[in-house]
Every structure is written in structure tokens, then in C-alpha cells.
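Reading through the C-alpha cells given below for one structure.
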Amino acid sequence: MTLAPDSLTRVSAEPVLRDALVIAALALSLVALIAVFVLALRTRALRKAAVVLQAGDRHTSLVGIVARQQVEVEALRAEVVGLNQAIERSRIELSDAIRHVSVVRYDAFGDMGGRLSFSAALLDDAGDGLVLTAIHGRSETRTYVKGVTGGDADMQLSPEEEQAVTYAMKGS
């Protein structure tokens, strides 16, 4: 069949160009085929992972385990908050406890040895408490108690009693 030159114009490419286009199309389709194969493998792996995540009942699946651990973590957080509150209450209660104690031993009389006399300061965190003093003599021992508020006594303190209060306040 012959066509007239003015009725239809036929576009014909050079054989070398046509062959190059065919090879490029084949190469492109081969790359597309490899990409489809890789994507199919990845999709298959993702589906297996999803099955593992959701397999079994809610206690053995990974999703169930993670959910249970989240509940446990929240319970632990609530417990920590409760423990912190209990510690703070204990600190407040302990501030009134006698926690600062100091004893100073001395010889009350020059002719007596052995440092048998003593002054003991028993104070809380605020410096409130008492000073107990026992003075040992040859024939008797006398005991005195003086109140302390904020580190200051309600009566005049002897140097040994002041030393006991000072040591107790410093924690020595």
C-alpha cells in the first residue's frame, strides 16, 4: 500500500534511534519490575510484623503487653507520688522529734576526778527541748532540768550547759 505524499505524512525514526528508545523502555520496565518486587517483599514483612503485633489474645500480643505495661507504669507513678507525700509528712512529724543530742562531761568540783558530772542537751530541729544536768559530789548527786526554746534557755545556763546546747545545735 502506497500513500500519497500529501494525504498522510508518515513519521519514521531512524533505526538507531528507534532501537535506543526500545532499549531504554526495556531498561525502565526492568527497573520498575525490580521496584515492584522489593515493595512486595517489604509489604510482606510489614504484614508479618502486624500479625505478630496483633497475634494471640490481648495478654500475649505485643500490643497487649505494651498496654499492660503502660497501666503498670501509671500505677507506679501514682505510688511514687503517694510515697513522696508520705515522706514529706514524715519530715514534718520528725521535725518535732528529739534528734539533736549532745553530752558534755566534766568535773564539777576540783577535788573530784573521773568527770562524773554531765550536761545533756536534747533538742528537736527548731532548737526546742531541754538541758539535763547532773552534778556529782562526794556524798550526793543533784539533777537539774532547764527548758530550751529556739536554742535559748528559759533560765541561766552554766558554761557546760551552753556548750552542750551549742554542740547539739551544730549536730556535733
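The values are calculated or read from the model by the stated rules, or taken from the named source; none is laboratory data. Please read these numbers as outputs of a predicted model, since none were measured by experiment. Every residue, glycine among them, receives a Cβ derived from its backbone with ideal geometry; neighbour counts consider all protein chains shown. Accessible surface areas use protein heavy atoms only, side chains included; no ligands, DNA or RNA. Shrake-Rupley method; radii C 1.70, N 1.55, O 1.52, S 1.80 Å.
Do we find a residue being surrounded by fewer than 10 Cβ atoms within 10 Å (Cβ to Cβ), at negative phi and out of contact with any Gly (no Cβ under 8 Å at 6 or more places or on another chain) anywhere in the stretch 116-130? Please lay out each step first, then the result.
Just the residues of the stretch 116-130 that are surrounded by fewer than 10 Cβ atoms within 10 Å (Cβ to Cβ), to begin with: none.
Looking through the stretch 116-130, none of the residues is surrounded by fewer than 10 Cβ atoms within 10 Å (Cβ to Cβ), at negative phi and out of contact with any Gly (no Cβ under 8 Å at 6 or more places or on another chain).
With respect to being outside any strand (DSSP E or B) and of a type in the set (A, V, I, L, M), Val101 falls outside the description.
If you take the residues of the stretch 90-114 that are within 15 Å of Pro159 (Cα to Cα) and free of Cβ contacts under 8 Å to residues at least 40 places away in the same chain, which of them is most open to solvent (accessible area, probe 1.4 Å)?
Applying the first criterion (within 15 Å of Pro159 (Cα to Cα)) to the stretch 90-114 yields 102-109.
Add one more test, that the residue is free of Cβ contacts under 8 Å to residues at least 40 places away in the same chain, and what stays is 105, 107-109.
Details: Arg105: 123, Asp107: 75, Ala108: 42, Phe109: 96 Å².
Only one residue fits best here, namely Arg105.
Within the option set Asp107, Asp111, Asp128, being of a type in the set (Asp, Glu) and within 38 Å of the chain's Cα centre (by Cα) holds for one residue only, Asp128. Being part of a strand (DSSP E or B), at pLDDT 90 or above and open to solvent by less than 30 Å² (accessible area, probe 1.4 Å) is the requirement here; does Ala164 meet it? Considered against the rule, which asks whether it is part of a strand (DSSP E or B), at pLDDT 90 or above and open to solvent by less than 30 Å² (accessible area, probe 1.4 Å), Ala164 comes out as no.
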